[in-house]
1. So what are the ³J(HN,Hα) numbers for the stretch 231-238, from phi and the Karplus equation (6.51, -1.76, 1.60; θ = phi - 60°), rounded to whole Hz, Gly and Pro as x?
2. Given the options MET134, MET228, MET203, which has the most mean-square fluctuation in a GNM of the chain, springs set between C-alpha atoms less than 10 angstrom apart?
3. Given the C-alpha centroids of the stretch 169-198 and the stretch 211-248, what is the distance between them in whole angstrom?
4. Looking at the chain as a GNM with Cα springs under 10 Å, which of LEU69, LEU79, LEU172 has the largest mean-square fluctuation?
5. Round to the nearest 10 and give me the degree value, 0 to 90, for the angle of helix 162-171's Cα axis relative to the longest principal axis of the chain.
6. Could you tell me the largest-minus-smallest coordinate of the C-alpha atoms of the chain on each of the three principal axes, in descending order and whole angstroms?
7. Taking the Cβ of ASP185 as the centre, find all other residues whose Cβ is under 13 Å away and add up their charges (Lys, Arg: +1; Asp, Glu: -1).
8. Nearest 10 degrees, 0 to 90: what angle lies between the long axis of helix 83-96 and the longest principal axis of the chain (Cα atoms)?
Amino acid sequence: MSLTRRILLGAGALLPLLPWPSTAQNQGKTDPGPQDRFAEAGAALARIAGDLGGRAGIAVLDTGGGPALLHDAEGAFPLCSTFKLLLAAAILARVEAGRERLDRRLAYGEADLDTYAPVTTRALRAGGPEAGAMSVEALCAAALVWSDNTAANLLLAALGGPAALTAYGRDLGDPVTRLDRTEPDLNAAVPGDPRDTTRPAAMAATVGKILLGPSLTEASRARLEGWMTASRTGTKRLRAGLPADWGVGDKTGSGAYGTANVVALLRPPARAPLVAAIYLTGSDTTSEARDAAHAAIGRVIAATYG
């Protein structure tokens, strides 16, 4: 049995526990040609990947029980900043367990600032109540909304380091996602390096468990999805190809070797949510071309599931 099939079966085992419509609810609906539609979608994804160059790993899971849309979903891809979604979820799990507080302030200084740290840099240098320390809640928001690297490193240290995040994934049933380094080193994305990698099928299943499953309380899931919905880093990627009436919460990631990623919870109107994990790497095109590829993948998803 392939890894993708094992992962999807594992995710499917959660369906009775999640607020997702069952497959039976859709049995009375007619579809003009679902097999043809998914075949066309698969061919379209292959064309997008071929035009971009490099590798593209895509997994879109239908939480209503419909078919998944997969392209190289078992390949290993660099996580880059998509790990920050798992990080914030792990922090919220610790808060629920009484091992962390959202109002606890974590201290930092100039030496902790990464080259990409817009929120923590501004807070440190502006003075005022947030200067030199920020709350765990504010750091989570900075890491997810703005992808602030210093915020992520501070939260990782509070969690127990990269190994603790990997362990959190294993506790959720994710057999492959691993974090080995901190920002910015984890973005090296060297081809063939197993460090700081995931597989799209595994990540999509894990994101679904975090945002729709029972591992977090409803309040924590809503807080997490709110940060993702407010994200400012993905407006030109997947979101750009999706209909305006779809709800979208996402987390992007970017790194060396043309790496550009998006993980997302999609809420089309009048249907069950979709969970997407899209990883692009190895392309020597421009960042604009990679953004355009994500938008094109969004249009394929909308045409397939809309």
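Readers should treat all values here as calculations from the given coordinates under stated rules, not as data from a laboratory. Note that the coordinates shown come from a computational prediction; the quantities given were computed from them, not determined experimentally. As a convention, Cβ positions derive from the backbone with ideal geometry for all residues, glycine included, and neighbour counts pool all protein chains shown.
1. Ordered by residue, 3J(HN,Hα) equals 3, 9, 8, x, 5, 9, 9, 4 Hz.
2. Ranking MET134, MET228, MET203 by mean-square fluctuation puts MET134 first.
3. A separation of 22 Å, based on Cα centres.
4. LEU172
5. Taking Cα atoms only, the helix is inclined about 40 degrees.
6. Answer, in whole Å and largest first: 61, 42, 38 Å.
7. Details: positive: ARG181, ARG195; negative: ASP114, ASP180, GLU183, ASP193, ASP196.
That works out to -3.
8. 70
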